[in-house]
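Data first, discussion second: the structure below is written as C-alpha cells.
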Amino acid sequence: MTFLSTPVKTAIDELSSQLDTPFFVYDLDTLNAHLARLVTQTQVKLWYAVKANPLSKVIQSLDSAGFNFDVASKGELEQVLAQGINSERVLNTGPAKSPKQIKHFIERGVRIFVAESLNQVRWLNEQASLLNCQLQVLLRVQLRWPEGEKNPLGGDSLTPFGLGCDEWQALNTRDYPTLNFDGLHIFQWGNMLSSDKLAELWSQMIAPLTQLADDLGINLKVLDLGGGLGIPYTLDAPTLSWDTLIDALAKIKRDAGVDELWMELGRYAVGECGHYATPVVESKLNYGQQQVILSGGINHLLRPAVTSQDFPVRLLRESNATTQAMSLYGPLCTALDCLGEHHLPKDLNEHDWLVFSQCGAYGFTESMPYFLCHELAAEYTLQNGQLTCVRQAEDASYYLR
Ligand SMILES: Cc1ncc(COP(=O)(O)O)c(C=O)c1O
C-alpha cells in the first residue's frame, strides 16, 4: 500500500498552500483504473453501495465503469438519478423501508428490492398493486448457529438486517402476486481481508440458503452476497486478490446453482481513492504522551471512533527527522475524537499538514460534522492532473438556523 502517489501529493501540496481548513481529495484516475479491473469478469454482477461515498463524481465514475447502484434511502436514490442513471439499474436494500419510501421508489422507477422483513414484503406487494407494476424481490437472510458450534459466523451479533430462516418460513410467496421472488441476499460481515475466509464463509451459506429457497418454493435465480471485501488500513495488512476472489465466487455460483451472483461493493470499490488532509493546530507533551491536535477529527472522519480502526496517516511535507509515537486528536470536546496513535517525524509542528489515506469510503458522509460547529470539509476530485472543487469548505453559518 503506497499512501500518496505523485499526482495526489502534488495536488494536496497545492491545495494546502491555498487553504487553511481540512479537505478530501478523491483520485478518480486511480478509481477508474481500479473499477475497470473489477468489471473485467463475468462471474458476478456488480452494484455500488452508494452509502460508501455518494459524491456525484464518484457515482459518475462507477456509472462509466458499468456498475449498477444499491441505494438505502431516498437521498441516495435521488443522488443516483440526478447523475442521469436509469432507475432500472437501481436496487434498494436497507432495514427501514417504510410504505412511504417504497411508494416513492416505485414511482421513481425502481423495480428491484431486497426485503428485510415480512412487513416489507407486504408493503412492497401493496404498493406494487396500487402502482400496477411487478417487482423483483430478494429476501435478506440472517444466519446464526447454536452457541459454541464451530463456525466462522458464530460470534456475529444479532442485527436487524433481514430475518432468520425460521422467521422467513412464515412467508407464503403465493400471497404476493406482484412480487417475483427471484433470490436471496446475505451479508453479515465487513472489511474482510482474506479470500480464503470469505470463500469459507460464503460456502457455509449455501446449504441453509438453498434449503430456505426450497422450503419457500423459490427458484433461486439470484444470490446476492452484499459487500464485505476489505482494504488494508495498516502497512502490514494483506490485500485481497480480485482474481482469487473471482475464482472463489465462480465456485460459489456453481455450488449454489444460481444464474446470477450479485455483490454491492462499497469499501473495496472506492475506499482507496480518497485522502483527507488536515492542518496541525499544535503538538504538546502531556503526561509523557506526545499529543497532536488537528483542525479536523471525527467531525470529518468518524470511522476510527466507531470501529477502533485508524486510517493510515503521513506528514505531507518530506522530513528526515526520526519518528516517534504521537496521539492524534481532533477539535471536538470528547475523548472519542482521536484518530489514533501513529509514528510521525519528531519535527512535526503547527505549520504542518497531515494526510490520511484509504478515506474514499465511509468518510465525509459517515461523520459528525455539526458537533462544535467547525467548518465542513471541502471535497475535491483529481482527474487527468486537474483538480476540481466539488464542495467548498463551509463554515457553520451554512447550516446553523
Ligand atoms: C446491504 C449492504 N450491501 C453492501 C454494503 C457495502 O459493504 P462494503 O462497504 O463492505 O462493501 C453495505 C454496507 O453497509 C450494505 O449495508
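Viscosity 1.002 mPa s, temperature 20 °C: Stokes-Einstein D of the stretch 183-341 from its Kirkwood Cα radius, in µm² per second?
114
What residues qualify as long-range amide H neighbours of Leu294, i.e. H under 5 Å apart, gap of 5 or more or another chain, H built at 1.01 Å from N?
For Leu294, the qualifying residues are Val281, Tyr329, Gly330.
Would you mind checking which residues have amide H under 5 Å from Lys45's amide H? H placed 1.01 Å from N; only 5 or more apart, or other chain.
Leu261, Trp262, Met263
In Å, the Kirkwood hydrodynamic radius of the stretch 348-401 over pairs of distinct alpha carbons?
When all Cα pairs of the stretch 348-401 are included, the Kirkwood radius is 13.4 Å.
Dipole magnitude of the chain about its Cα centre, charges +1 at Lys/Arg Cβ and -1 at Asp/Glu Cβ only, in debye to the nearest 20? Show your work: numbers first, answer last.
Details: 30 positive and 46 negative charges, 140 e Å.
Its charge dipole is roughly 680 debye.
Largest first, please: the extent of the C-alpha atoms of the stretch 33-159 along each principal axis, to the nearest Å.
Projected onto its principal axes, the Cα set of the stretch 33-159 covers 49, 43, 25 Å.
5 Å is the cut-off here: which amide hydrogens, built 1.01 Å from N in the peptide plane, fall below it relative to Tyr380, excluding neighbours closer than 5 in sequence?
Counting only residues 5 or more places away or on other chains, the set is Phe24, Val25, Tyr26, Val390.
State which helices in the chain qualify, where a helix is a whole DSSP H run, it must extend 27 Å or more along its own axis by its Cα atoms, and its mean Kyte-Doolittle hydropathy must be at least -1.0.
Flagged H segments are 195-216.
Can you give me the distance in nm between label points at Arg174 and Asp259, each placed 7 Å from the Cα along the Cα-to-Cβ direction?
Spacing of the two 7 Å Cα→Cβ label points: 2.3 nm.
Treat each spin label as a single point 7 Å out from the Cα along the C-beta direction, and report the Thr159 to His343 distance in nm.
Taking the two extended label points, one gets 3.4 nm.
Net charge around Ala33, counting only other residues with Cβ within less than 15 Å of its Cβ (Lys, Arg = +1; Asp, Glu = -1)?
Spelling it out: positives minus negatives among the neighbours equals -2.
Report the extension gain between Glu350 and Gln136 in nm, rounded to one decimal, defined as 0.36 nm multiplied by the number of residues separating them, less their alpha carbon distance. Could the numbers behind the result be given before it?
Numbers: separation 214, 0.36 × 214 = 77.04 nm, distance 5.60 nm.
Result: 71.4 nm gained on full extension.
Take the Cα atoms of the stretch 90-141, build their convex hull, and give its volume per residue in Å³.
Details: hull volume 3.3 nm³, N = 52.
Residue-normalised Cα hull volume stands at 63 Å³.
Compute the length gained on full extension between Ser203 and Glu366: take 0.36 nm times their separation in residues and subtract their Cα-Cα distance, giving the result in nm to one decimal.
Extra length available between Ser203 and Glu366 comes to 55.5 nm.
Quick one: length gained pulling His104 to Val390 fully straight, 0.36 nm per residue minus the C-alpha distance?
Gain in length upon complete extension: 100.2 nm.
Along the charge dipole of the chain, Cβ charges K/R +1 and D/E -1, which of Ala377, Ser61, Leu184 sits furthest on the positive end?
The residue sitting farthest along the positive end of the dipole is Leu184.
Count the lysine pairs in the stretch 93-265 whose Cα atoms sit under 24 Å apart, keeping only pairs 8 or more residues apart in sequence or on different chains.
Lysine pairs meeting the criterion: 7.
Measuring with a 1.4 Å probe in the full set of protein chains, what accessible area per residue, in whole Å², belongs to the stretch 93-265?
Ligands and nucleic acids excluded, the result is 45 Å² per residue.
Projected onto the charge dipole of the chain (+1 at Lys/Arg Cβ, -1 at Asp/Glu Cβ, origin at the Cα centre), which of Ile206, Gln386, Thr244 gives the Cα projection farthest towards the positive end?
It is Ile206.
Determine the share of the chain's accessible area contributed by carbon and sulfur atoms, expressed in whole percent, with a 1.4 angstrom probe.
Roughly 48 percent, rounded to a whole number.
Count charges around Leu223 for me, please; just the other residues with Cβ under 11 Å from its Cβ, Lys/Arg as +1, Asp/Glu as -1. Please list the in-between numbers first.
On the way: positive: Lys45, Lys221, Lys253; negative: Asp182, Asp224, Asp255, Asp259, Glu260.
Net of charged neighbours comes to -2.
Would you calculate, for the chain, the mean residue ellipticity at 222 nm contributed by helices, counting each DSSP H stretch of 4 or more residues as -39,500 (n - 2.57) and dividing by all residues, to the nearest 500?
Helix contribution divided over all residues of the chain: -8500 deg cm²/dmol.
Taking square-rooted eigenvalues a ≥ b ≥ c of the alpha carbon gyration tensor, is the chain rounded, prolate or oblate, where a/c under 1.5 means rounded and, failing that, a/b exceeding b/c means prolate?
Here the chain falls in the prolate category.
Decide, for the stretch 93-265, between rounded, prolate and oblate: order the square roots of the alpha carbon gyration tensor eigenvalues as a ≥ b ≥ c, take rounded if a/c falls under 1.5, and otherwise choose prolate if a/b is larger than b/c, else oblate.
Details: a/c = 1.88, a/b = 1.66, b/c = 1.13.
Prolate.
With contacts defined as alpha carbon pairs under 8 Å and 6 or more residues apart, what's the relative contact order of the chain in percent?
Here the relative contact order equals 19 percent.
The values are calculated or read from the model by the stated rules, or taken from the named source; none is laboratory data. All values reported here derive from a predicted model rather than from experimental measurement. Using ideal geometry, Cβ is built from the backbone for each residue, glycine included, and neighbour counts are taken over all protein chains shown. Ligands, DNA and RNA are excluded from the accessible area calculation, which covers all protein heavy atoms including side chains. Shrake-Rupley method; radii C 1.70, N 1.55, O 1.52, S 1.80 Å.
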